[in-house]
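Q: Let me give you the structure first, and then I'll get to my questions.
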Amino acid sequence: MMISAHAFNIFLLVMAAVAVVVFISLYFVNAGYGKFYNPKWGVSLDNHLGWFLMEVPVFLAMLLLWVLSERKGDLVRLVFLLLFELHYFHRSFIFPRQLRGHSRMPLTIILMGALFNTLNALMQGGWIFFISPQDYYPANWLTSLPFLAGTGLFLVGMYINIQSDSIIRNLRKPGDTAHYLPKGGMFRYVTSANYFGEFMEWVGFAILTWSWAGAVFALWTFANLAPRAARIYDLYSQEFPEELDTHKVKRILPFIY
């Protein structure tokens, strides 16, 4: 990967700046998929295929960066790869197959998501396999406090994310078209528990890799999901005014927001 550390840092700064712009913009524009699907976004695909096409680029790109790296045999970096790919294997190959029903996903959203995911692979894989100093992750990093704490956050966050998706998926029985307020799990504290879990994962990944690349991805995750969580919160407040305890239940961060 022929890129200097200086150029890579500029790349991270640009990505961080774009995340701030996206964060602000998404409070004014609904990303037209899922609950907020809008045919005005143009050509659309079945959501099962859409999620696969959006998520699989990062899974493949990260593998390619590992294969091209001279550090592919480094144990610590290999563990980072396995954790990262664990998430994206689930998002690419398992999550789309678990979806119930066949809603639509705009091709524009799919392409934007695939582009960001590829850029994220360049951020994480670029740092881990090419830019980070050779001795930045010694073998004893796997017993260090950042790695242990970060991995714990990552795994708990992934569990929350998968559990929350399952709760949402099972809100309706076959043939039922009614809307329900998700309950149980972390939905006791936030209306977008699945988003909270995903944000928690990538905060954990930033800590376990102790990297600015990981921190920028955590920032992007929040910038992308927090505005949508706010819209979902408003929607649930209107649909379930008697069920949703707005004093206790927040949007995406328990007890905070």
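Q: Would you mind finding the one in L86, L119 that is farther than 17 Å from L208 by Cα and part of a helix (DSSP H, G or I)?
A: L119
Q: I'd like to check something: does the stretch 144-164 contain any residue that is surrounded by fewer than 13 Cβ atoms within 10 Å (Cβ to Cβ), more than 23 Å from the chain's Cα centre (by Cα) and aliphatic (A, V, I, L, M)?
A: Within the stretch 144-164, one or more residues are surrounded by fewer than 13 Cβ atoms within 10 Å (Cβ to Cβ), more than 23 Å from the chain's Cα centre (by Cα) and aliphatic (A, V, I, L, M).
Q: Being of a type in the set (S, T, N, Q), assigned to a helix (DSSP H, G or I) and either in contact with a strand residue (DSSP E or B) (Cβ under 9 Å, 6 or more places away or on another chain) or modelled with pLDDT of 95 or more (or both) is the filter here, so list the residues in the stretch 90-107 that pass it.
A: S92
Q: In the stretch 112-157, what residues are out of contact with any Ser or Thr (no Cβ under 8 Å at 6 or more places or on another chain), within 22 Å of M15 (Cα to Cα) and β-branched (V, I, T)?
A: If the condition is that a residue be out of contact with any Ser or Thr (no Cβ under 8 Å at 6 or more places or on another chain), within 22 Å of M15 (Cα to Cα) and β-branched (V, I, T), then T118, I131 are the ones that fit.
Q: Out of the stretch 1-10, which residues are touching a residue at least 40 places away in the same chain (Cβ under 8 Å) and surrounded by fewer than 18 Cβ atoms within 10 Å (Cβ to Cβ)?
A: Within the stretch 1-10, M1, I3, A5, N9 meet the criteria.
Q: Sticking with this one: How many residues are small (G, A, S), surrounded by 13 or more Cβ atoms within 10 Å (Cβ to Cβ) and more than 19 Å from V249 (Cβ to Cβ) if we restrict to the stretch 167-189? If you could, list the steps in order and put the result at the bottom.
A: Going residue by residue through the stretch 167-189, those that are small (G, A, S) are 175, 178, 184-185.
Subsequent filtering for residues that are surrounded by 13 or more Cβ atoms within 10 Å (Cβ to Cβ) retains 185.
Next, only the ones that are more than 19 Å from V249 (Cβ to Cβ) stay: none.
Result for the stretch 167-189: 0.
Q: Related question: Criterion first (surrounded by 15 or more Cβ atoms within 10 Å (Cβ to Cβ), closer than 19 Å to G214 by Cα, over 16 Å from the mean Cα position of the chain (by Cα) and at pLDDT 95 or above) does V58 satisfy it?
A: no
Q: When you look at F217, is it closer than 22 Å to A19 by Cα and in a helix (DSSP H, G or I), yes or no? Even if it seems obvious, please write down each step before you answer.
A: Numbers: closer than 22 Å to A19 by Cα: yes; in a helix (DSSP H, G or I): yes.
Judged against the criteria, F217 is a match.
Q: Shifting gears a bit: Of everything in the stretch 28-55, what is modelled with pLDDT of 90 or more, more than 18 Å from the chain's Cα centre (by Cα) and either of a type in the set (F, W, Y) or surrounded by fewer than 12 Cβ atoms within 10 Å (Cβ to Cβ) (or both)? Give them in sequence order.
A: V43
Q: All but one of (1) buried (at least 21 other Cβ atoms within 10 Å of the Cβ); (2) in contact with a strand residue (DSSP E or B) (Cβ under 7 Å, 6 or more places away or on another chain) hold for G214; state the number of the condition that does not hold.
A: G214 satisfies every listed condition except (2).
The values are calculated or read from the model by the stated rules, or taken from the named source; none is laboratory data. The shown structure was predicted, so the numbers you read here are calculated from the model rather than taken from an experiment. Every residue, glycine among them, receives a Cβ derived from its backbone with ideal geometry; neighbour counts consider all protein chains shown.
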